[in-house]
Amino acid sequence: MAVNVIMGDITRVKADAIVNAANTSLLGGGGVDGAIHRAAGPELLAACRPLGGCRTGEAKITPGFKLPARYVIHTPGPIWRGGDRGEAQLLDNSYRNSLRLADENGCETVAFPSISTGVYGYPLEQAAAVAMNAVTCGLRECRSVRDVTFVCFDARTEAAYRRALARLGPAE
Ligand code: APR
């Protein structure tokens, strides 16, 4: 069981599954969502259309098509609205449901972006803490997932996730 933090572009990561910070339509967008759709090719949107969208905090899986990853797991994280609208629980749900779906599909390695901390405005330090806790707890229930990597797109995000990982202590 390993949790790692790297800086990079998630569309180039060769994990069994990469997670997409999607929106509830699952019809693409900007940010990492746009990057994943561009790299996967038009078949990804074609595979998303029949899924009928996805509720915030839930997750749906498609093939990765032209991506190095076998699967894409799409999860809409919460839009930050000040913190008293259940955002932390919804973000926690996004990580745990994505991990469970990867596990159910026999994935051994999973890569996450920093969900909700871009367009959706979730404060980075708080999001990193929720993410790290959700993933380390969720990993304990996994049968096939053994390695999770947070793929951070910039140094500030990487530093926040490294701090969150360090706070977990050596046991994790
Ligand atoms: N690889 C890894 N991380 C990336 C990449 C990439 N190629 N591109 C962007 N990111 C990072 C951003 O820098 C940010 O740290 O992903 C994180 C999440 O930011 P967003 O992509 O804006 O996602 P989010 O805040 O969850 O907002 C989701 O934005 O793109 C739309 O359709 C999407 O409506 C949805 C909303």
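Bear in mind that the values in this text are calculations on the coordinates, not laboratory data. Just so you know, these numbers come straight off a predicted model, no measurement behind them. All Cβ positions, glycine included, derive from the backbone under ideal geometry; neighbour counts span all protein chains shown.
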Could you compute Rg(Cα) / (2.2 N^0.38 Å) for the range 1-86, with N its residue count?
1.11
Calculated over the range 1-42: convex hull of Cα atoms, volume per residue (Å³):
98 Å³
Computed log₁₀ I(q)/I(0) - Debye formula, equal Cα scatterers, no solvent, the range 85-145, q 0.19, 0.22 Å⁻¹
-0.66, -0.84
Calculated SAXS-style log₁₀ I(q)/I(0) at q = 0.20 Å⁻¹ - the chain, Debye, Cα scatterers
-1.40
Just grab the label-to-label distance for Ala159 and Met1, each label 7 Å out from Cα along the Cβ direction, in nm (one decimal).
3.0 nm
Among the DSSP beta bridges whose two residues both lie in the range 1-104, what percent are antiparallel, rounded to the nearest 5?
40 percent
Could you check the simple spin-label distance between Glu108 and Arg81, using points 7 Å along Cα→Cβ, in nm with one decimal?
4.3 nm
Here, GluC sites (Glu not before Pro) of the range 31-92 satisfying both criteria (DSSP loop; at most 11 other Cβ within 10 Å) are none
